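S.K.: My questions all concern the structure below.
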Amino acid sequence: MSLLTQSAISAMKICFYGAGSMAEAIARGLIQEKLIPAERISMLNRSNQERLAELHEQYGVQTIRQGLDSEQYLREADILFLAMKPKDAASAIPQLRPLLHSKQLIISVIAGLSIPAIEKLLGSKQSIVRAMPNTSSTIGLGATGISYSEEVTPQQQLVTEAIFQSIGIHAVVDESLQGAITGVSGSGPAYVYHFMEAMQQAAEELGLQPDMARELIIQTVLGAAEMLRATGEAPQELRRKVTSPNGTTQAALEEMAEGRFKETIVKAVRRSAERAGELGVAIEGSIQE
């Protein structure tokens, strides 16, 4: 990140419209990476005052409890994050129309909601970013897919990518690939957790104590992921290297193949991507003309 970009972000005001776990993860990343002072970040929600108090106490961000009303935070924001629940988007976003101005950057982390749908809800073209972070963003190891509307300037792109770099890695993709991003990295952590659940069950059935099994499984998955990252080798090549002919690993992999493990994972990723599209259609279908 250039000093110019860092300086630009530090002088901005950022408002999160929605104060859930993803909004918190992004705000925490910005603060921890010292991209922007906490007092230049505001976080809003519909009615949960306890949540706002908790966020202010923990991070020093601004909320309506610090004196300004929601409208003032929204009007003054250079960057506005749309971080409400998908089911609330169609009713909440149109209420922003009279509060926004053309120079604001809108970043949506609402699953399934397309850029054209956001433009329709706002009633005008705008600099809009559609982003799909995953839950690992909460510990700074997220993977985010980013798509831009035509109105997003090169400088706004740099700012956006610096923001998501603070919580992990990012990939800029055509919006048509956002479903694929959801299927691979958005939902991806759950696939890994499900696999680890199965390993835990097997370990306990084989007689290992639960705590010991958990530690062994975590280290095994962590080590395998780091091997893949550190060596740059393809997964199939690393798998080949650890699989001795007629050995224990080959026996396990043959059992997985019989259960169509690989085909099931491919189908699952595809289904997640399809479901993202279905959710988008449902949200867009609820938008009033």
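S.K.: Expressed as cubic angstrom per residue, what is the convex hull volume of the alpha carbon set of the stretch 188-273?
M.R.: So the per-residue Cα hull volume is 118 Å³.
S.K.: Over the residues of the stretch 125-200, compute the C-alpha Rg and express it relative to 2.2 N^0.38 Å.
M.R.: Computed over Cα atoms of the stretch 125-200, the ratio equals 1.24.
S.K.: Just the ratio, please: alpha-carbon radius of gyration of the stretch 1-101 over 2.2 N^0.38 Å, N its number of residues.
M.R.: 1.04
S.K.: What is the angle, in °, between the Cα long axis of helix 210-231 and the longest principal axis of the Cα atoms in the chain? Nearest 10 is fine, range 0 to 90.
M.R.: 80
S.K.: If you don't mind, there's one more thing I want to ask. Taking 8 Å as the Cα distance limit and 6 or more residues as the minimum spacing, I'd like the relative contact order of the chain as a percentage.
M.R.: That works out to 17 percent.
S.K.: Neighbour counts of other C-beta atoms within 10 Å: give me PHE81, PHE195 arranged from fewest to most.
M.R.: Fewest-to-most Cβ neighbours within 10 Å comes out as PHE195, PHE81.
S.K.: Moving on. Could you work out how much longer the chain between LEU177 and GLU50 gets when fully extended? Use 0.36 nm per residue separation minus the Cα distance between them, nm to one decimal.
M.R.: 42.0 nm
S.K.: Using the Cα centre of the chain as the reference point, and only Cβ charges (+1 on K/R, -1 on D/E), how large is the resulting charge dipole? Debye, rounded to the nearest 20.
M.R.: Charge dipole, the chain, about its Cα centre: 420 debye, nearest 20.
S.K.: Multiplying the sequence separation of ASP211 and LYS125 by 0.36 nm and subtracting their Cα-Cα distance, what value in nm do you get?
M.R.: In short, 25.6 nm is gained.
S.K.: With 32 Å as the limit, write out which pairs from LYS120/LYS262; LYS34/LYS120; LYS125/LYS262; LYS87/LYS267; LYS34/LYS267; LYS13/LYS87 have Cα-Cα distances beyond it, or answer none.
M.R.: With Cα atoms farther than 32 Å apart: LYS120/LYS262; LYS34/LYS120; LYS125/LYS262; LYS34/LYS267.
S.K.: Hey, another quick one. Rounding to the nearest 10 and keeping the result within 0 to 90°, find how far the Cα-based axis of helix 188-205 lies from the longest principal axis of the chain.
M.R.: 40
S.K.: What are the ³J(HN,Hα) values, in whole Hz, obtained from phi via the Karplus relation 6.51 cos²θ - 1.76 cosθ + 1.60 with θ = phi - 60°, for each residue of the stretch 100-117 in sequence order, with x given for Gly and Pro?
M.R.: For the stretch 100-117, the Karplus-derived couplings read 9, 10, 5, 8, 6, 9, 9, 10, 9, 10, 8, 4, x, 8, 7, 4, x, 5 Hz, x marking Gly and Pro.
S.K.: How many angstrom lie between the C-alpha centres of the stretch 155-195 and the stretch 50-109?
M.R.: Here the answer is 22 Å between Cα centres.
S.K.: Label points 7 Å out from Cα along the Cβ direction at ARG271 and SER7: separation in nm?
M.R.: 5.3
S.K.: A further question follows. Based on the alpha-carbon set only, what is the convex hull volume of the stretch 3-181 divided per residue, in Å³?
M.R.: 106
S.K.: Same structure again: How far is helix 154-165 tilted off the main Cα axis of the chain, in degrees rounded to 10, range 0 to 90?
M.R.: 50
S.K.: Would you list TYR73, TYR193 from fewest to most Cβ contacts within 10 Å?
M.R.: Starting with the residue having the fewest Cβ neighbours, the order is TYR193, TYR73.
S.K.: Any idea what log10 I(q)/I(0) is at q = 0.12, 0.20, 0.29 Å⁻¹ for the stretch 51-115, Debye with uniform C-alpha scatterers and no solvent?
M.R.: So the normalised log intensities are -0.35, -0.96, -1.29.
S.K.: How big is the charge dipole of the stretch 125-249 about its Cα centre, in debye rounded to the nearest 20, if each Lys and Arg gets +1 on its Cβ and each Asp and Glu gets -1 on its Cβ?
M.R.: 160
S.K.: Please state the charge dipole magnitude for the stretch 191-289, taken about the Cα centre, from unit charges on C-beta atoms (+1 on K and R, -1 on D and E), reported in debye and rounded to the nearest 20.
M.R.: Its charge dipole is roughly 340 debye.
S.K.: Label points 7 Å out from Cα along the Cβ direction at GLN201 and GLN219: separation in nm?
M.R.: For the pair GLN201/GLN219, the computed spacing is 2.5 nm.
S.K.: Could I ask something else about it? Full extension from GLU254 to THR231: what is 0.36 nm times the residue separation minus their Cα-Cα distance, to one decimal in nm?
M.R.: Gain on extension, GLU254 to THR231, equals 5.7 nm.
FYI, it's all coordinate maths here, none of it is from the lab. Everything numeric here is computed off the predicted structure, so don't read it as measured data. Quick reminder, even Gly has a Cβ in these numbers, built from the backbone with ideal geometry, and neighbours come from all protein chains shown.
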